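Down below is the structure, laid out as structure tokens.
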Amino acid sequence: MVTKDEASPMSTYYRRLPIYLLLDCSESMAGGSFDGLTLGLATMVNELRSDPMALESAALSLITFSGVARQLVPLTEVFKFNVPRLKLGSGTALGAALALLESCLEREIVKTTREQKGDYKPVCFIVTDGEPTDVWEAIADRIRTTICGKKANVIGIGCGPDADLDKLRRVTDVVISMNDSKEASFSRFFKWVTASVSSASQALERGGDRPINLPDLPAECLEVAKKGVARNQPEAGRHFFLHARCLRNGGFFLVRYSLAGTPYKCLGVHPLDDFDMEGVNDAKGPQIGSEQLGDPLPCPYCKNPLVGACSKGHFHCCPMITEPISLTCPWCKVTDIYGYAAFGIDGGAG
Ligand SMILES: [Zn+2]
Ligand SMILES: [Zn+2]
């Protein structure tokens, strides 16, 4: 019996065009950005599947980062890539994500040897809207000096008006800014990534190891970030988040506040059916007292108008309190008499 390997002992390796997507899943992405990210990713995979060149050569890997970084999908050919469920978490562990990228490249990319040609040069997209909350500078410098342009093409995408593009510039020279982080902009962005992958896979026939030619940016949402052009003051656009549960159904939600001006204005409540709690305590946000908070928006599940905290400091929705009332914390199930009292907060960094 002849096995496949024996039949072709010197078989040429089927070269892949590896695409790494590093997606920021910090809580600041909650709402339209996250919907756009989830939908855009699924659409992209579908479109690549119907592109014969991409189908033949492209392989995708997905790395997400919030409190921790995870490789959700190892490098996988487009035709068998299953889009995973994305989960938001607390914090922006950019350093951990870059370190993970470095080790994945080392492990997953088939190198060119004397005997065979290895994979084409990978293309890595790093999408983030926030401030890194971990140590990221040393690994950023290492990616820039040892990987960018040499082992991989690395493209940074800062999404929303508050993304700090200078931090991305420390990683790579190719930085693109997304003007806003609305759902429609993410959809255009992923269309552009799809077109980039298509054009890179078409260019393979003409020798795939040259720098990739990125297609034109959709002007209404993306632009090449110019050096030294100041954007909004980061502080003015910073948000912080309370992690809360509904008293009635236990549902999880984020309460988003703006740090611009006091009292801090509540910008939104985001119900989430899944949240990655790992690394939550590593992301240190501002120290805030409840008296600094403006009125919250109603609970997204039961419309309770307030946010309260149990004696252990868990946040939950809360009815109007006119006299002391007995409530059970949906986190720790402890029943207590609640009155009105100020509480301190370690706001999660967005
Ligand atoms: Zn509620
Ligand atoms: Zn509690």
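Pairs with C-alpha atoms separated by more than 28 Å, drawn from the list K265/K312; K87/K150; K80/K121; K121/K191; K87/K117; K117/K167, are K87/K150; K87/K117; K117/K167. Take the Cα of S103, go 7 Å toward its beta carbon, and the backbone nitrogen atoms of segment 61-82 under 11 Å from that spot belong to 69-71. For T145 and I325, the FRET efficiency from 1/(1 + (r/R0)^6), where r spans their Cβ atoms and R0 equals 45 Å, is about 0.15. Net charge of the neighbourhood of C329, taken over other residues with C-beta under 15 Å away and scored Lys/Arg +1, Asp/Glu -1, is +3.
Here segment 88-137 is assigned +1 on the Cβ of each Lys and Arg and -1 on the Cβ of each Asp and Glu. Its dipole about the Cα centre then comes out at about 400 debye.
Summing charges over all other residues whose Cβ lies under 10 Å from the Cβ of S28, with Lys and Arg as +1 and Asp and Glu as -1, gives -3.
Stretched out fully, how many nm does the piece from E205 to S290 gain, at 0.36 nm a residue minus the Cα gap?
On the way: separation 85, 0.36 × 85 = 30.60 nm, distance 6.10 nm.
My answer for the length gained is 24.5 nm.
Note: relative contact order over segment 11-113, using C-alpha pairs below 8 Å and six or more positions apart, is 33 percent. Name the shape class, rounded, prolate or oblate, that the alpha-carbon gyration tensor gives for segment 56-153, where a ≥ b ≥ c are the square roots of its eigenvalues, rounded holds for a/c under 1.5, and otherwise prolate holds if a/b is larger than b/c and oblate otherwise. Since a/c reaches 1.5 but b/c is at least a/b, the shape of segment 56-153 is classed as oblate. Each residue, Q116 and T76, gets one label point 7 Å from its Cα in the Cβ direction; the gap between the two is 2.2 nm.
Sorted on the mean count of surrounding Cβ atoms within 10 Å across their residues, most packed first, peptides 262-274, 86-98 read 86-98, 262-274.
Since every read-out is calculated from the coordinates, none of them should be taken as a lab result. Since the model is a prediction, treat every value here as computed from it, not as a measurement. Backbone-built Cβ (ideal geometry, glycine too); neighbour counts: all protein chains shown.
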